[in-house]
Amino acid sequence: MQSAHYTGRFAPSPSGPLHAGSLVAAMASYLDARAHQGRWLLRMEDVDEARTVQGAAQDIAASLSQLGMHWDGPVLVQSRRQQHYQRACAQLGERVYACGCTRKEIADSRLGIAADGAAIYPGTCRSGLAAGKRAHALRVRVPEPGQALEQIDFEDRWQGWQRQHLASAVGDFVLRRADGFWAYQLAVVVDDAEQGVTHIVRGADLLGSTARQIYLQSLLGYPTPTYLHLPLVTHADGEKLSKQNGAQALDLNQPLTLLHEAARFLGLEVARVDGVAAFWELAVLAWRRRYL
Ligand code: GLU
């Protein structure tokens, strides 16, 4: 067990209250950190300010506290960190270029859809903006065949070995969006490095983003954390539970019921107890037995 320097984190996007899916991610990252006697940090990923809901960050933090998940140190807030993302982007130098393509133009090139649902970029603006085009977004070049990091391999603690070929799976990807906001992929990499995060535990919806993040870490000279991508909590029809598709806010009047449900989802057997602190003591032991 690598205890002393373990640093984990929970990094919700404050676009609504904590729901059953984000509770599972919070719980697993918390348990893994505590089972390693490590630190557990909280970061509000409000970099996409268009999706941020007023008051949601405070609401999530209050729910975590009420459920007995106490984070270490100050909460990092992405919307206050623009200059850090700017600096990292500048550090990438020539690898970054301005792109003037609209979403429709990219979709029309029909290269396919990347894991996160965005159309794969065909590289149209790689060697300069075509005449008459205005810069919309900033993109980073992915390696060409035969170049280093062409293919990213990593071992996920839950999902096993993963391999992604960046050029065919995603293409040159966005670091700063057309609306001026920094992209999640850049912000998460800069912040994980800044906060010294060594272990990432999060939902499997981000498995397909991890190769891009490892690529950026390599370019920026940051260490690569270990990854664990949890199975997703889904609706009965198999669709991922999210704030966008109407996940219910949690009933915090019943904290132990919520905690036991999330633990069961994670395959942990935690005996009935009469308080939140007692629940966590047993849950940390159960996590350690099952996953370390
Ligand atoms: N902010 C992301 C989300 O709420 C999670 C990012 C991460 O854990 O890397 O889906």
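The values are calculated or read from the model by the stated rules, or taken from the named source; none is laboratory data. Nothing here was measured: the structure is a model prediction, and the numbers come from that model. So basically every Cβ, Gly included, is an ideal-geometry build from the backbone, and we count neighbours across all protein chains shown.
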>> Condition first: outside any strand (DSSP E or B), in contact (Cβ under 8 Å) with a residue 60 or more places away in the chain and of a type outside the set (A, V, I, L, M, F, W, C). Now tell me which residues in the stretch 213-233 satisfy that.
In response: Y215, S218, T224, P231
> Got at least one residue in the stretch 15-31 being surrounded by fewer than 20 Cβ atoms within 10 Å (Cβ to Cβ), away from the ligand (no atom under 11 Å from the Cβ) and not in a loop (DSSP other than H, G, I, E, B)?
Replying inline: yes
>> Considering only residues that are of a type in the set (D, E, K, R) and either farther than 30 Å from G221 by Cβ or within 25 Å of the chain's Cα centre (by Cα) (or both), which ones fall in the stretch 88-137?
In response: R95, R103, K104, E105, D108, R110, D116, K133, R134
>> Every residue in the stretch 248-259 that is out of contact with any helix residue (DSSP H, G or I) (no Cβ under 6 Å at 6 or more places or on another chain), assigned to a loop (DSSP other than H, G, I, E, B) and either at pLDDT 90 or above or surrounded by 11 or more Cβ atoms within 10 Å (Cβ to Cβ) (or both), please.
In response: A249, D251, N253, Q254
>> Restricting to the stretch 173-206, and then to whatever is free of Cβ contacts under 8 Å to residues at least 40 places away in the same chain and of a type in the set (G, A, S), can you tell me which residue is farthest from the ligand (Cβ to nearest atom)?
In response: G180
> Filter the stretch 33-48 for residues that are in contact (Cβ under 8 Å) with a residue 60 or more places away in the chain and either more than 13 Å from the ligand (Cβ to nearest atom) or on the phi > 0 side of the Ramachandran plot (or both); which is nearest to the chain's Cα centre (by Cα)?
Replying inline: A33
>> surrounded by fewer than 21 Cβ atoms within 10 Å (Cβ to Cβ), farther than 30 Å from E269 by Cα and either within 14 Å of the ligand (Cβ to nearest atom) or hydroxyl-bearing (S, T, Y) (or both): which single residue out of R95, R80, R51 fits that description?
In response: R51
> What is the number of the single condition among (1) crowded, with 22+ Cβ neighbours inside 10 Å; (2) part of a helix (DSSP H, G or I) that S168 does not meet?
Replying inline: (1)
> From the residues in the stretch 210-233 that are among the polar types (S, T, N, Q) and surrounded by fewer than 21 Cβ atoms within 10 Å (Cβ to Cβ), which one is nearest to A88 (Cα to Cα)?
Replying inline: Q217
